[in-house]
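A short write-up of the structure that comes next.
The values are calculated or read from the model by the stated rules, or taken from the named source; none is laboratory data. Everything quoted here is computed from the prediction, not taken from an experiment. Cβ sites come from the backbone with ideal geometry, for glycine too, and all protein chains shown count toward neighbours.
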Amino acid sequence: MSDFPSKNDPKIVAPSENTSSKPQPQKDKNKDSSKNKSKHPTNRKVIPIIMSLILVLLLSKTTLNAQMEVSISTGITYSDNVFHLSDYDINRWKQGHPNLDFVNTTDDLTLMLQADLAYPFRYQWWKFIPSVTAKVSQNISNPDKQRQDILMRFRVERYYWNFTALYGYYPYIYVRNYIDSDGTGESEKYSYERNLYRGDLNVKPFKNTTIQFHGRYEEYFYNQYWTEYDANATTLGLGARYSFPAFSMGASYNWRVLDNYNHDAEDASYESDIYKGDIRLKKTPLSASKPKGAAFYPELAMSYEERFYQSDDPRYGGRVDRIYNTNAALNFLLNEQWNIKLDYTHTFRNIESPVEEIRLTKEYSENKFSLTAKYSF
């Protein structure tokens, strides 16, 4: 499971673009901004510091230890619906609706660069792997869609089990613009900062069977215009993977609770059930005459989430989201240094709600195509 979400994380909550039914209390945005900063100060210098550290380690790799593992990945992704707009909103954008003037294009290309640094070492019969990943991305046609994310992990491995503790910091995730009806009255960026704390335990009770335990805790801090959407989320999961001679299969169930603790009159808290399954074929040589040469393997993954909003307010009461994801990928292992991955993802969110506006503006579909190249030193 990747810890770098897509440009529009489907787990987040969002206000409606049409604000006609939203309460209109007047509030001091400057006051909210200072309060917000005191609650969750953001160290904006952490990303360049860590990126500089990775660069230093890259340059001094030969002086450290032969166990140092370093890789650089670069990729390009095409999305046909980068803002996750509904068909209704896409038609309004084509007609020049002023509330959607933040959209330059509904589709877009995203350029990505990622650096991974790991330092595995052993102590007696234990293996430890501290690692760090830094990722930057930039959209071409919609430049406000840019990211600078960091992950830090510590993994412990034994023969029959392994455990990974992870912290992820996502300082700026821009979703789209909405009309701030209870504040400035203008179109404002809907963006947030995210902290991720995650643990994964894999146990191998039998030769070909792995049992997976997953837990995560997330903090969402929105910018000064949308502090009423600040939230915490807890996810617990259980899964299993079985390896056959030609392929392996996995399945898991996750239970997720998001608490919109800072809500005003409208509470976007929800509980969700997430079901996942995947199949991965074993490596196959590209050439039968070179069984130890370049190889490839395909994989297919599907997930289904039912999200039940807990509020009984007019906007979220009775709302159920059903989110379908399908992912297909081809992985090419050209040699010990170069890996290439071709990836396709389809997402569809179906909305059930007594509010027509929600049904019109929140249902969407997206297709994404990605090409990623990875070089390991």
Restricting to the stretch 330-351, and then to whatever is more than 24 Å from the chain's Cα centre (by Cα) and touching a residue at least 40 places away in the same chain (Cβ under 8 Å), can you tell me which residue is nearest to S272 (Cα to Cα)? L333
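For I90, state whether it is surrounded by fewer than 17 Cβ atoms within 10 Å (Cβ to Cβ), over 25 Å from N195 (Cα atoms) and either aliphatic (A, V, I, L, M) or in contact (Cβ under 8 Å) with a residue 40 or more places away in the chain (or both).
On the way: surrounded by fewer than 17 Cβ atoms within 10 Å (Cβ to Cβ): yes; over 25 Å from N195 (Cα atoms): yes; either aliphatic (A, V, I, L, M) or in contact (Cβ under 8 Å) with a residue 40 or more places away in the chain (or both): yes.
Against the criterion (surrounded by fewer than 17 Cβ atoms within 10 Å (Cβ to Cβ), over 25 Å from N195 (Cα atoms) and either aliphatic (A, V, I, L, M) or in contact (Cβ under 8 Å) with a residue 40 or more places away in the chain (or both)), I90 qualifies.
Pick out the one residue from N195, N202, N162, N177 that is within 26 Å of T372 (Cα to Cα) and not charged (D, E, K, R).
Values: N202 fails: within 26 Å of T372 (Cα to Cα); N162 fails: within 26 Å of T372 (Cα to Cα); N177 fails: within 26 Å of T372 (Cα to Cα).
Selected residue: N195, the only one of N195, N202, N162, N177 that is within 26 Å of T372 (Cα to Cα) and not charged (D, E, K, R).
Before we move on, is P314 closer than 30 Å to A231 by Cα, more than 26 Å from the chain's Cα centre (by Cα), surrounded by fewer than 17 Cβ atoms within 10 Å (Cβ to Cβ) and not basic (K, R)?
Yes; evaluated as a whole, the condition is true for this residue.
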Just give me the residues in the stretch 352-377 being in contact with a helix residue (DSSP H, G or I) (Cβ under 8 Å, 6 or more places away or on another chain) and farther than 28 Å from P314 by Cα, in sequence order. F377
Could you please give the count of residues in the stretch 188-246 that are farther than 24 Å from A165 by Cα and surrounded by 15 or more Cβ atoms within 10 Å (Cβ to Cβ)? 14
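Against the definition (at pLDDT below 95 and not basic (K, R)), how does G183 come out, yes or no? Step through it out loud before you land on a result.
Values: at pLDDT below 95: yes; not basic (K, R): yes.
Yes: the conditions hold for G183.
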What is the one condition in (1) of a type in the set (S, T, Y); (2) within 22 Å of K189 (Cβ to Cβ); (3) in a strand (DSSP E or B) that T105 does not satisfy? (3)
Reported set for the stretch 219-246 where residues are in contact with a Lys or Arg (Cβ under 6 Å, 6 or more places away or on another chain) and either in a strand (DSSP E or B) or without any contact (Cβ under 8 Å) to a residue 24 or more places away in the chain (or both) is Y220, T235
Here are S252, S311, S287: which of them is in contact (Cβ under 8 Å) with a residue 40 or more places away in the chain, polar (S, T, N, Q) and not in a strand (DSSP E or B)? S311
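On the basis of being within 16 Å of L281 (Cα to Cα), modelled with pLDDT of 95 or more and not hydrophobic (A, V, I, L, M, F, W, C), does Y297 make the cut?
yes
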Any idea which of (1) farther than 30 Å from L109 by Cβ; (2) over 23 Å from the mean Cα position of the chain (by Cα) is the one S187 doesn't satisfy? (1)
Within the set of pairs 6 or more residues apart or between chains, which connect a residue that is over 18 Å from N81 (Cβ atoms) inside the stretch 136-151 to a residue that is assigned to a loop (DSSP other than H, G, I, E, B) and modelled with pLDDT of 95 or more with Cβ atoms less than 6 Å apart? none
In the stretch 334-376, what residues are more than 22 Å from I90 (Cβ to Cβ) and not in a strand (DSSP E or B)? L334, N335, E336, Q337, P354
Would you check if T326 is of a type in the set (V, I, T), touching a residue at least 40 places away in the same chain (Cβ under 8 Å), touching a Leu at 6+ places or on another chain (Cβ under 9 Å) and over 30 Å from G293 (Cβ atoms)? no
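Here is a yes/no grid of residues against (1) charged (D, E, K, R); (2) in contact (Cβ under 8 Å) with a residue 24 or more places away in the chain; (3) surrounded by 14 or more Cβ atoms within 10 Å (Cβ to Cβ):
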{"site": "D264", "(1), (2), (3)": "yes, yes, yes"}
{"site": "D267", "(1), (2), (3)": "yes, yes, yes"}
{"site": "G277", "(1), (2), (3)": "no, yes, yes"}
{"site": "P291", "(1), (2), (3)": "no, no, no"}
{"site": "S353", "(1), (2), (3)": "no, yes, yes"}
Being more than 11 Å from R241 (Cα to Cα) and within 23 Å of the chain's Cα centre (by Cα) is the filter here; which residues of the stretch 197-214 pass it? Y197, R198, G199, D200, L201, F213, H214
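Would it be correct to say that K276 is basic (K, R) and part of a strand (DSSP E or B)?
Numbers: basic (K, R): yes; part of a strand (DSSP E or B): yes.
Yes; evaluated as a whole, the condition is true for this residue.
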I want to confirm something. Restricting to the stretch 229-256 and keeping residues that are aliphatic (A, V, I, L, M) and more than 18 Å from the chain's Cα centre (by Cα), which single residue is modelled with the lowest pLDDT? A246
Could you list, in sequence order, the residues of the stretch 356-377 that are surrounded by 15 or more Cβ atoms within 10 Å (Cβ to Cβ) and without any contact (Cβ under 8 Å) to a residue 40 or more places away in the chain? R359
